[in-house]
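Asks: Quick one: the structure is below, questions incoming.
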Amino acid sequence: MSNDENRVLIFDTTLRDGEQSPGATMSHQEKLEIAGLLDDMGVDIIEAGFPIASEGDFAAVSEIAKNAKNAVICGLSRANFKDIDRCWEAVKHAKAPRIHTFIGTSPLHRAIPNLTMDEMAERIHDTVTHARNLCDDVQWSPMDATRTEWEYLARVVEIAIKAGATTINIPDTVGYTAPNESADLIRRLIAEVPGADEVVFSTHCHNDLGMATANSLAAVAGGARQIECTINGLGERAGNTALEEVVMAMKVRHDIMPYATGIDSTKIMNISRRVATVSGFAVQFNKAIVGKNAFAHESGIHQDGMLKNAETFEIMRPEDVGLAETNIVMGKHSGRAALRSKLSDLGYHLADNQLNDVFVRFKALADLKKEVFDDDLIALVTDSTATDQADHLQLVSMTVVCGTEGPQRATMTISVDGRETSVEATGDGPVDAAFNAVKAIYPHHAVLQLYQVNAVTEGTDAQATVSVRMEEEGRIATGQSADTDTVVASVKAYVNALNRLIVRREKTGGGLREVSYKDVS
Ligand code: KIV
Ligand code: ZN
């Protein structure tokens, strides 16, 4: 067992750094839901957002702060009084609030506000003092710490500690460091900076070279006792350290990493799926711990070994991360109770109205497929297009004619803010024709950046999950959907992404340039 010295705090920044990844917008309700799941799984500190960034961020951080049961609720702020005051206004409702303030300390980042080293040192002193006068729990980060000169980094860390910071977070902002260097940097800061033994050192790693998890764990070996991470490794560019990876690495290799977290690992799979759905960022199949293939065995030798002893090819049990094996076979004769029980085994606890909605869609699917697999049910539950009555655009009906003789043709009806419009459009293939129909009904200038189709299960009757990413004027939104008809799934995902872009416009003022609603029916 680990003693308290080996307790590592888990600081989750899915709702701040994770949400910063292009296209990963979450609605207010979705943020509250994810915060609740994080709190419930034992995350120590939730970075709920960047309150000065927008009214929406402020409202989400405030409400998360009010609702949190156990976790410390943290907000981010730049190194100025206005940001810090706004952050405090949002987090102060929490039982345990934290202000996180940061400034870029490397030569490249110092050049942006054009501050000398002395001027920046003074700014750090003043802003950390200001934050500490508002809140007892203050975290300070020298952004791009791993590319900051050692002498200057040690100097500003000492200033922040003297000004009252209680946690010093060392960000590898651009994913530049490597494990040995990450461990050495923390070890040296703790050994050489006066006052270092009075604060918690934290590590915050990005994954640009694929080393974020290794660098975070190395920092812990060097003395860090807080890891900043996100669910599924969501985050800018190549993302952040993945919560599930560090937690399971410390659990499975406790012999060489004798540290403990307060995380209930059996809740990992559920939250991973929810974050994938609400962020629009599907988890890659071969992603460690939470990927669809993480516990799948394809080759004969592996399957044979697994049947004899699961430990031959599995270093952790699926149930350790919340993947349950159940025997109930779902089909068209299965009732509501069986569906509820099955979903609960899979980690989905739905309210009655949500269950009713999923049940209707499950029956429709069961009519099309002989057997409904776990992954089919997950796709049904996580289909982000399913029930949102507030969406501006809703697909009402569509028919596509395709075959060897083109052009392919789509007939479609979409409801735009409650008003139904029908069109017929042609295109180079059925999906192109269908997308052209959507564009004829709702003209816009958003550009399709990504279109990706995956089969959820095997067989020609498998559901397809489709992801699309759209961009307009720097705003990016993703949409996902699942259906046994690939073209229907494609249109629903496209419409879903457009709805998210519209929400972004409402949030940021501007965005989707809507040409006009055309009624050609
Ligand atoms: O990557 C980074 O440096 C950050 C800071 C704001 C902590 O996210
Ligand atoms: Zn970051």
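Asks: Which residue is farthest from ligand 1 (Cβ to nearest atom), if the candidates are limited to the range 1-15 and must be surrounded by fewer than 24 Cβ atoms within 10 Å (Cβ to Cβ) and at pLDDT 95 or above?
Replies: N6
Asks: Give all pairs with beta carbons closer than 7 Å in which a residue from the range 419-447 that is farther than 26 Å from G403 by Cα meets a residue that is modelled with pLDDT of 95 or more and surrounded by fewer than 17 Cβ atoms within 10 Å (Cβ to Cβ); count only pairs at least 6 apart in sequence or on separate chains.
Replies: From residues that are farther than 26 Å from G403 by Cα, the pairs are E420/V396.
Asks: Report the residue count in the range 43-65 for those that are away from ligand 2 (no atom under 14 Å from the Cβ), outside any helix (DSSP H, G or I) and crowded, with 24+ Cβ neighbours inside 10 Å.
Replies: Number satisfying all stated conditions: 5.
Asks: Moving on to the next point. Answer yes if at least one residue in the range 121-131 is touching a Lys or Arg at 6+ places or on another chain (Cβ under 7 Å) and either open to solvent by less than 80 Å² (accessible area, probe 1.4 Å) or of a type in the set (A, V, I, L, M) (or both), and no otherwise.
Replies: Among the residues of the range 121-131, at least one is touching a Lys or Arg at 6+ places or on another chain (Cβ under 7 Å) and either open to solvent by less than 80 Å² (accessible area, probe 1.4 Å) or of a type in the set (A, V, I, L, M) (or both), which makes the answer yes.
Asks: What's the number of the condition A160 fails, among (1) touching a strand residue (DSSP E or B) at 6+ places or on another chain (Cβ under 8 Å); (2) open to solvent by 20 Å² or more (accessible area, probe 1.4 Å); (3) more than 16 Å from ligand 2 (Cβ to nearest atom); (4) in a helix (DSSP H, G or I)?
Replies: (2)
Asks: What about P107, is it surrounded by fewer than 23 Cβ atoms within 10 Å (Cβ to Cβ) and either at pLDDT below 95 or closer than 20 Å to A165 by Cβ (or both)?
Replies: No: the conditions fail for P107.
Asks: Moving to a separate point now. Looking at (1) farther than 30 Å from Q452 by Cα; (2) away from ligand 2 (no atom under 16 Å from the Cβ), which one does M269 not meet, given that it meets all the others?
Replies: Among (1) farther than 30 Å from Q452 by Cα; (2) away from ligand 2 (no atom under 16 Å from the Cβ), M269 violates only (1).
Asks: Which members of the range 239-256 meet the condition of being in contact with a Leu (Cβ under 8 Å, 6 or more places away or on another chain) and more than 21 Å from P318 (Cα to Cα)?
Replies: N240
Asks: Moving on to the next point. Only one of these is closer than 24 Å to V396 by Cβ, modelled with pLDDT under 80 and among the hydroxyl-bearing types (S, T, Y): S481, S490, S516. Name it.
Replies: Result: S516 is the single residue among S481, S490, S516 that is closer than 24 Å to V396 by Cβ, modelled with pLDDT under 80 and among the hydroxyl-bearing types (S, T, Y).
Asks: Is it the case, given these coordinates, that D40 is more than 16 Å from ligand 2 (Cβ to nearest atom), on the phi < 0 side of the Ramachandran plot, surrounded by fewer than 18 Cβ atoms within 10 Å (Cβ to Cβ) and not in a loop (DSSP other than H, G, I, E, B)?
Replies: Considered against the rule, which asks whether it is more than 16 Å from ligand 2 (Cβ to nearest atom), on the phi < 0 side of the Ramachandran plot, surrounded by fewer than 18 Cβ atoms within 10 Å (Cβ to Cβ) and not in a loop (DSSP other than H, G, I, E, B), D40 comes out as yes.
Residues checked against (1) in a helix (DSSP H, G or I); (2) within 23 Å of the chain's Cα centre (by Cα):
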| site | (1), (2) |
| --- | --- |
| S202 | no, yes |
| C205 | no, yes |
| T213 | yes, yes |
| S216 | yes, yes |
| I227 | no, yes |
| R237 | no, yes |
| M248 | yes, yes |
| K251 | yes, yes |
| M257 | no, no |
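Asks: Let me confirm something: among G262, G210, G233, G239, which residue is on the phi > 0 side of the Ramachandran plot and either aliphatic (A, V, I, L, M) or surrounded by fewer than 20 Cβ atoms within 10 Å (Cβ to Cβ) (or both)?
Replies: The conditions single out G210.
Asks: Take the residues in the range 384-397 that are open to solvent by less than 40 Å² (accessible area, probe 1.4 Å) and at pLDDT 70 or above, then tell me which one is nearest to I271 (Cα to Cα).
Replies: D391
Asks: In addition: Step by step: first the residues of the range 16-34, then only those that are away from ligand 2 (no atom under 16 Å from the Cβ) and open to solvent by 10 Å² or more (accessible area, probe 1.4 Å), then the one that is nearest to the chain's Cα centre (by Cα). Which residue is that?
Replies: Residue satisfying both the conditions and the ranking: T25.
The values are calculated or read from the model by the stated rules, or taken from the named source; none is laboratory data. None of these values were measured; they are calculated from a predicted model. Virtual Cβ from ideal backbone geometry, glycine too; neighbours counted across all protein chains shown. Surface accessibility is based on the protein's heavy atoms, side chains included, excluding ligands, DNA and RNA. Shrake-Rupley method; radii C 1.70, N 1.55, O 1.52, S 1.80 Å.
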